[in-house]
1. I'd like the distance separating the alpha-carbon centroids of the range 89-133 and the range 140-169, in whole Å.
2. Using a 1.4 Å probe and counting only protein heavy atoms, arrange M230, M73, M57 so the residue with the most accessible area comes first.
3. Accessible area per residue of the range 24-151 at 1.4 Å probe, in Å²?
Amino acid sequence: MGTEQAQGPVWARETAGRRPKLTREAIVRTAIEVADAEGLDAVSIRRIATELGARAMSLYTHIERKEDLLDLMADETNAEILVEGELPDDWREAISAVVRRTRETIRRHPWLVDLVASRPQVGPNGLRHGEQSLAALSGLPIPPEQKWRIIAAVDDYALGFVIRETLRGEGRSGYTWTPQEREALMRPYLRELLESGEFPNLAPLVNEIASGPADPAAADEDFEQGLRWMLDGIAGDLGL
């Protein structure tokens, strides 16, 4: 009663403000946030509508089907891969800058791994990423198809590295065990492996594998070393 007297009757109260107009951008942004927190399986039209305080049918005026939403999510995150400003003049430094952004983006959005494996990345930002990658190699005296092979190789390297990081790493919801769960499940098995004598080359790595998430600095060093090896091999093979 006291509250009502203080605020006045309901028709005299000031509204809290209308919900911001539903937009495609808001839908995609919310879907990305849900996927980041809970994994791609958590994304649905109904779930995103609930997060936005809207009816599911209202989303269909902006997104015709879930597959379209997934494509928009992928393309939105592809914008994060783009290197800002001018690329370095040296082709190795330039393509390294691109591939580092690729790794950083997939680490922030590990569900991209699932989309990359199942859906073509041909949206505007995906095409911009391809254009920038080719621009990084524009000074090389090799045919365009060779440049594209280099881009595919470094992209595959970044993707594979991040998959391994995700499986070993931070226990992101929806993607892998927590470090504690992994240790509890794997350590007895790996200890038995070590003691069997059957895997003499694998056994020395058991303690490192079972020790939990890799140190981020060590992971960065591993990534950079692998990238250097790859670029050294490309340069040597093409005489660059």
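1. 9
2. Listed by decreasing accessible area, they come as M57, M230, M73.
3. Per residue, the range 24-151 has an accessible area of 53 Å².
The values are calculated or read from the model by the stated rules, or taken from the named source; none is laboratory data. It should be emphasised that the depicted structure is a prediction, and the values quoted were computed from it without experimental measurement. Keep in mind that these areas ignore ligands, DNA and RNA; they rest on the heavy atoms of the full protein, side chains included. Shrake-Rupley method; radii C 1.70, N 1.55, O 1.52, S 1.80 Å.
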